[in-house]
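Everything on this sheet refers to the single structure shown next.
The values are calculated or read from the model by the stated rules, or taken from the named source; none is laboratory data. All values derive from a computational prediction rather than experimental measurement. Quick reminder, even Gly has a Cβ in these numbers, built from the backbone with ideal geometry, and neighbours come from all protein chains shown.
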Amino acid sequence: MFTGIVQDQGRVVRVEMADQQAKLMIQTNLIQQPAFSLGDSVAVNGVCLTISAFETGGFTADVMPETMLRTNFKNLTVGDPVNLEPALAASDRLDGHFLLGHVDATATLLERTPDEDSQRLTFVIDQKYHPYIVEKGSIGINGISLTVVTTTPTTFEVALIPYTMTHTSLGRVAIGDQVNVETDILGKYVVNLAREGLANYE
């Protein structure tokens, strides 16, 4: 379980591809934390991965085929920045919103629009995910908890404050780039219950 509050920007230092899966080596200062241990879960660009080994200055994690299919990991190259968040402890302060690290799909950046000292980012995503994206609702983009500003039948928009632009990888996402999207888990259950009808679950 995560909150979408990024704690560090790591850097990809190695990508090992094998068929439809991969092994990533991520450089990060988080490995200096005592609670950062082998076998722990960590969100990498919003994807829940397991720390499989530690190396000098970072950690490695395996990426299974389903994750490669649904995320932007297939586009990762050495040197790319990634947003990192360790799993939430029961005693931690809850900022952001609950994220599972289970990315639904990627979205593509269509437009960046200045808005005083912030920026508005407009994304397009497969229309089957639009029922789970609502105005003023929560959404996870590359592991960052954000609020949906507006939606249209084909797009959704979020706003970035200067801190988010500086301290996460979204500040460098370019037009045409893909980002990982996790829609609100509560919205998924509500929409699915409404579609199927409660009678099917009795």
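Structure summary
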quantity	calculated
Identity of the residue in the stretch 32-58, under 20 Å from the mean Cα position of the chain (by Cα) and β-branched (Val, Ile, Thr), that ends up nearest to Leu76 (Cα to Cα)	Val44
Test: residue in the stretch 98-108 that is touching a strand residue (DSSP E or B) at 6+ places or on another chain (Cβ under 7 Å) and more than 26 Å from Ser41 (Cβ to Cβ)	yes
Matching residues in the stretch 77-105 - criterion: being within 17 Å of Ala61 (Cα to Cα), touching an Asp or Glu at 6+ places or on another chain (Cβ under 9 Å) and of a type outside the set (A, V, I, L, M)	Asn83, Glu85, Pro86, Gly101, His102
Complete set of residues in the stretch 117-143 that are of a type in the set (Val, Ile, Thr) and touching a helix residue (DSSP H, G or I) at 6+ places or on another chain (Cβ under 6 Å)	none
Residue in the stretch 125-144 that is assigned to a loop (DSSP other than H, G, I, E, B) and modelled with pLDDT under 90 present	no
Residue within the stretch 73-87 that is assigned by TED's automatic domain parsing to the domain that holds Gln33, exposed (fewer than 11 other Cβ atoms within 10 Å of the Cβ), of a type outside the set (Lys, Arg) and within 16 Å of the chain's Cα centre (by Cα) present	yes
Flag for Asp62 being of a type in the set (Asp, Glu), out of contact with any helix residue (DSSP H, G or I) (no Cβ under 8 Å at 6 or more places or on another chain), in contact (Cβ under 8 Å) with a residue 12 or more places away in the chain and not in a strand (DSSP E or B)	no
Flag for Val13 being modelled with pLDDT of 90 or more, of a type in the set (Val, Ile, Thr), more than 30 Å from Val149 (Cα to Cα) and buried (at least 17 other Cβ atoms within 10 Å of the Cβ)	yes
Hits in the stretch 104-124 - residues which are assigned to a strand (DSSP E or B), of a type outside the set (Ser, Thr, Tyr) and under 16 Å from the mean Cα position of the chain (by Cα)	Ala105, Ala107, Leu109, Leu121, Phe123, Val124
Selected residue (criterion: modelled with the lowest pLDDT) from residues of the stretch 31-47 that are surrounded by 18 or more Cβ atoms within 10 Å (Cβ to Cβ) and either outside the structural domain of Val78 (by TED's automatic domain parsing) or not in a loop (DSSP other than H, G, I, E, B) (or both)	Ile31
Test: residue in the stretch 48-57 that is touching a His at 6+ places or on another chain (Cβ under 9 Å) and either within 13 Å of Asn180 (Cβ to Cβ) or at pLDDT 95 or above (or both)	yes
